[in-house]
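Quick notes on the structure that follows.
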Amino acid sequence: MLFRQGFLFKLKPNGRQARLMSRFAGCCRFVYNKGLSWAKEQYENKTGKHPSYKNLSALLPDWKKDPEMLWLSECYSQCLQQSMKDLSRAYRNFFSGRTAFPVFHRKYGANDAFRYPQGFKIDETGKQIYLPGIGFVKYRRSRYIEGKAKNITVIRKADGWYVSIQTEYEKEVPVHQGDEVGIDMGVAWFCTLSDGIQIAPCNTLKKHLKKLAQLQRSLSRKEKFSSNWRKAQREVAKLHQRIGNKRQDFINKVALDLSKKHAVIYREDLRIKNMTASAAGTVEEPGHNVGQKSGLNRAILDQAWGKFFQRLEWKCEQRGGQVIKVAPQYTSRICPICGYESKENRRSQASFKCMACGYRENADVVGARNIKVRGQRMSACGELGEVGRAQVNRRMETVHGAGQQQEPIEVISGVSH
Ligand SMILES: [Zn+2]
């Protein structure tokens, strides 16, 4: 099976190289934004010119000749073309309903980057990468890459420049010997398995939220665009990055553990966006700044679950396992023993007691068991339609190679049946 994988490394550019990277990223941002304006104009004037890659890249030669944009030719031209490719893809995704309308890229935004489709060289022994137009740049080799590099992207993050290498490789998929399990996602517990194991959420986040609020308050007190304001802004960005890294580590660790142990994992087919709307009521310690806090928590939950599912599916595929989505309705209200379904069965967030047969159990475990049973029934009856089977497209995954400390994960088992 063909796998695609991403590897992320921190770059160690010298002063000249860092300046060039800034300039390249700036040029790419500029043509992306200018291309977007152009596309909007075409739409408003009904010229019928579609923002296709062909149309967009055809604009570049003229722009480069424009006396006011001569500096564009300082940038490696393939990077500019890649920006146009990104823009046309953003439009395609929008037209197909997958994403929102393309937005202008901002400096220091998440899209401050440029990409090479070819011409780069990776020298792993010398721990350096050749970037056309910039030269050999040292990088922190936190691991060796796997497969053939297809393209590389240079990205600006809060604490410096990174390179993301996308690779492709063939790998034989083994037969997984593990068992089947149902998994129920939650707030008080990150997830609960049908065999009673509960995994605590990544608590470092909560600690960081306090600090983040502090930094943001201090930022709001500073005079805008002053040097102190900029400094405070950088601090906020760095903390965001640190939180993201910690979350990624946590997700990787949990997904890895689960994919090793279980051959088939049943999970709810959650519409995460609608789901987290209810998080406000269940987030711990409500009362103080509820609106703000739950908003933050929601955003974090949002990301964590989506990324976790993506990671889990990818890890399982690599080990020959699979993740199967099942319909989420009433999984926490049905009695796994007698099948009686009632809102009354779930008496509180944590406890379940069947009103018909008196069966008692931890409510999350009941949810996970119901998910497993439902998944197995669906598999057996061949009910796995479009919703059923988790998409098995060999999607892109990024391994965080930047090498942060991994947080230990609290795994608590001991809910008896
Ligand atoms: Zn019952």
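Only sites in a loop by DSSP and with at most 16 other Cβ atoms within 10 Å count here; which trypsin sites (Lys or Arg not before Pro) in region 219-253 make the cut? Sparse-neighbourhood loop trypsin sites (Lys or Arg not before Pro): LYS222, LYS224. When the alpha carbon gyration tensor of region 2-170 is reduced to an equivalent ellipsoid, the three semi-axes, largest first, read 29, 19, 14 Å. For ASP62, the accessible surface of its heavy atoms amounts to roughly 100 Å² (probe 1.4 Å, protein chains only, rounded to the nearest 10). Legend: residues THR47, THR153, THR167, sorted from most to least accessible area (1.4 Å probe; ligands, DNA and RNA excluded), read THR47, THR153, THR167. Across region 140-189, Cα pairs under 8 Å and at least six residues apart give a relative contact order of 30 percent. Under the criterion of Cα pairs below 8 Å and six or more residues apart, the relative contact order for region 44-175 equals 16 percent. Comparing Cα centroids, region 303-320 and region 338-375 end up 27 angstrom apart.
A simple spin-label model places the labels of SER220 and ARG19 3.9 nm from each other, with each point 7 Å out along Cα-to-Cβ. Computed 3J(HN,Hα) for region 148-155, one whole-Hz value per residue from the Karplus formula 6.51 cos²θ - 1.76 cosθ + 1.60 where θ = phi - 60°, is 9, 6, 9, 7, 10, 10, 9, 10, glycine and proline marked x.
Panel values: region 300-347, Kirkwood radius from alpha carbon pairs, Stokes-Einstein at 25 °C and 0.890 mPa s, translational diffusion coefficient 185 µm²/s.
Given the pairs LYS65/LYS148; LYS10/LYS40; LYS10/LYS207; LYS64/LYS150; LYS12/LYS246, which are separated by over 29 angstrom at their Cα positions? Long pairs (Cα-Cα over 29 Å): LYS65/LYS148; LYS10/LYS40. Taking every C-alpha pair closer than 8 Å and separated by at least 6 residues, the mean separation divided by the residue count of region 116-272 gives a relative contact order of 19 percent. Stokes-Einstein D for region 78-134 at 25 °C, 0.890 mPa s, Kirkwood Rh over Cα pairs, in µm²/s? Estimated diffusion coefficient is 182 µm²/s. Globularity index of region 118-168 is 1.09 (Cα radius of gyration / 2.2 N^0.38 Å, N = number of residues).
Residue-wise HN-Hα couplings along region 16-26, as the Karplus relation 6.51 cos²θ - 1.76 cosθ + 1.60 with θ = phi - 60° gives them from phi, are 5, 5, 5, 5, 4, 4, 4, 5, 4, 4, x Hz; Gly and Pro carry x. The alpha-carbon of LYS372 sits under 28 angstrom from the alpha-carbons of these lysines, leaving out residues fewer than 8 places away in its chain: LYS253, LYS260, LYS261, LYS273, LYS307, LYS315, LYS325, LYS343, LYS353.
Applying a DSSP loop filter and a limit of 16 other Cβ atoms within 10 Å to the GluC sites (Glu not before Pro) in region 88-168 leaves GLU124, GLU146. Quarter the surface of the alpha carbon convex hull of region 41-85 and you get the mean projected area, 3.5 square nanometres.
The values are calculated or read from the model by the stated rules, or taken from the named source; none is laboratory data. Fair warning: this is a prediction, and the values are worked out from it, not measured in the lab. Cβ atoms come from the backbone with ideal geometry, glycine included; neighbour counts cover every protein chain shown. Side chains are part of the model used for accessible areas, which takes the heavy atoms of the whole protein and leaves out ligands, DNA and RNA. Shrake-Rupley method; radii C 1.70, N 1.55, O 1.52, S 1.80 Å.
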